[in-house]
Amino acid sequence: MGHFIIVGILVVVMAILTYVGLDAAGVATQMHPIEASLQSVSIDWLWNWEIMAISFLFALIVVPMAYSMIVFRRKKGDPSEGEHFEGNTTLEIVWTVIPLFAVLALAYMGSYSLGETRRVDPNAIVIKVKAQQFAWTFEYPEYGIVSNELHLPVDQQVVLKMESADVIHSFWVPEFRVKQDIVPGPLTDYRITPILVGDYKVRCAELCGASHAYMENNVIVDTKADYDAWIAEQRAIALANQTPEGQGKLLTVKNGCIGCHSVDGAKMTGPTWLGLFGSNAELADGTTVVSDEAYITESILDPKAKEVAGFSPTTMPPYTLSEVEIANIIAYLKTLK
Ligand code: CUA
């Protein structure tokens, strides 16, 4: 009995020391980015409890093992065999019941935290998210706004209706904790309630191609007043954009073109659009073509037809756009001089 009491005390001490050590090393929660959503609070709560459970289970295994190795070591000059015994019902029950409760407790905490994370607010704002190689696009259907920045009001649940235009992407804002894959085909719901005003970034967390690492857009959590002001401003811009150039620019945001084409001459996955219209394009086969209406139209509908030298040949997918839409995009390109 004496051994059990000593081992019991040592297990408790070891468990506490392990947890304190892990906590000091930053494993418990300090390594996490700040908690910027309601969901992150319950996820960090679960994480912290699991670190405690891990510390206890670690002590429960390591202490009796080390204790037996030291205290019940074979004495010097004692060549006799160890005592032989078969079966121990008490021990069997103990080592079945303890892990059973440990697993049940972890399962309960896991489902509780999952339930908190997925809690549905019927008044959630709906925002559409489109992921594609290699850009995020956010649409506010209520207001007819399309943006490449995600603005969210603080203390209000939003539900992102996410879809992928090509391959698997993954929506991840570390400060919100919850990460969600977006698979081509179904619409995926992602609920988040921001609780901290600030600037964050959404990163793609699924290797999706050559420029995966650059698939990063701004996420801004605004106060209610700032959010309303932004919505009003964007609505005004959307109204002013009723011109062909304006519509064309909107289409380039909506279709994610600007994820690969810069408008300021910067080198990205695709050729820059600055000064593109009317310029001569050197093709991969050594010939030259004028970037006029016909060539740009062909390149949108069938990017592989005449590829520009120096760019990865398979990156751009063909786009199905109407004649008017293409004309609007070309009108916009003409303004980029
Ligand atoms: Cu999209 Cu990685």
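The values are calculated or read from the model by the stated rules, or taken from the named source; none is laboratory data. Just so you know, these numbers come straight off a predicted model, no measurement behind them. Backbone-built Cβ (ideal geometry, glycine too); neighbour counts: all protein chains shown. The area values use the complete protein model at the heavy-atom level, side chains included, leaving out ligands, DNA and RNA. Shrake-Rupley method; radii C 1.70, N 1.55, O 1.52, S 1.80 Å.
Kirkwood hydrodynamic radius of the chain, from the reciprocal of the average inverse Cα-Cα distance over all distinct pairs: 24.7 Å. Oblate is the label for the range 15-125, because a/c, from the alpha-carbon gyration tensor with a ≥ b ≥ c as root eigenvalues, is 1.5 or above and a/b does not exceed b/c. Which whole-number percent of Cα pairs in the range 183-337 have a distance greater than 25 Å? Across the range 183-337, Cα pairs with separations above 25 Å total 42 percent. Computed from the Cβ-Cβ distance with R0 of 56 Å, the FRET efficiency linking Val197 to Asp302 stands at 0.75.
When the charge dipole of the range 125-239 is built from unit charges on Cβ atoms (+1 for Lys and Arg, -1 for Asp and Glu) and taken about the Cα centre, the candidate among Ile168, Cys204, Ile220 whose Cα reaches farthest toward its positive end is Ile168.
Ignoring ligands, DNA and RNA, what percent of the 1.4 Å accessible area of the chain is carbon and sulfur? Using a 1.4 Å probe with all protein chains present, the chain comes out at 63 percent carbon and sulfur. Computed extension length for Val103-Met1: 34.0 nm, one decimal, from 0.36 nm per residue of separation with the Cα-Cα distance subtracted.
Expressed as an acute angle from 0 to 90° and rounded to the nearest 10, what is the orientation of the C-alpha long axis of helix 89-118 relative to the principal long axis of the chain? With rounding to tens, the tilt is 20 degrees. With 0.36 nm allotted per residue and the present C-alpha distance subtracted, the Ala266-Glu83 stretch has 58.1 nm of extension available. When the residues Phe101, Phe277 are ordered by accessible surface, computed with a 1.4 Å probe over the protein chains alone, the sequence from largest down reads Phe101, Phe277.
Estimated purely from DSSP H runs of n ≥ 4, each contributing -39500 (n - 2.57), the mean residue ellipticity at 222 nm for the chain is -14000 deg cm²/dmol once divided by its residues. Packing order of peptides 256-269, 147-160, highest average first: 147-160, 256-269 (average count of other Cβ atoms within 10 Å over each peptide's residues).
Of the peptides 87-93, 188-194, 106-112, the order by per-residue mean of other Cβ atoms within 10 Å, starting with the highest, comes out as 188-194, 106-112, 87-93.
Between helix 2-24 and the chain there is an angle of about 20 degrees, using the helix long axis and the longest principal axis of the Cα atoms.
Note that the range 125-239 presents 43 Å² accessible area per residue, ligands and nucleic acids not counted, probe 1.4 Å. Taking 0.692 mPa s as the viscosity and 37 °C as the temperature, the Stokes-Einstein diffusion coefficient of the range 125-239 based on its alpha-carbon Kirkwood radius rounds to 230 µm²/s.
Estimated at the nearest 10 Å², the accessible area of Lys304 is 110 Å² with a 1.4 Å probe. Rounded to the nearest 10 degrees, the inclination of helix 244-254 to the longest alpha-carbon principal axis of the chain is 20 degrees.
Sorting His3, His32 by solvent-accessible area of protein heavy atoms yields His3, His32, largest first, with a 1.4 Å probe.
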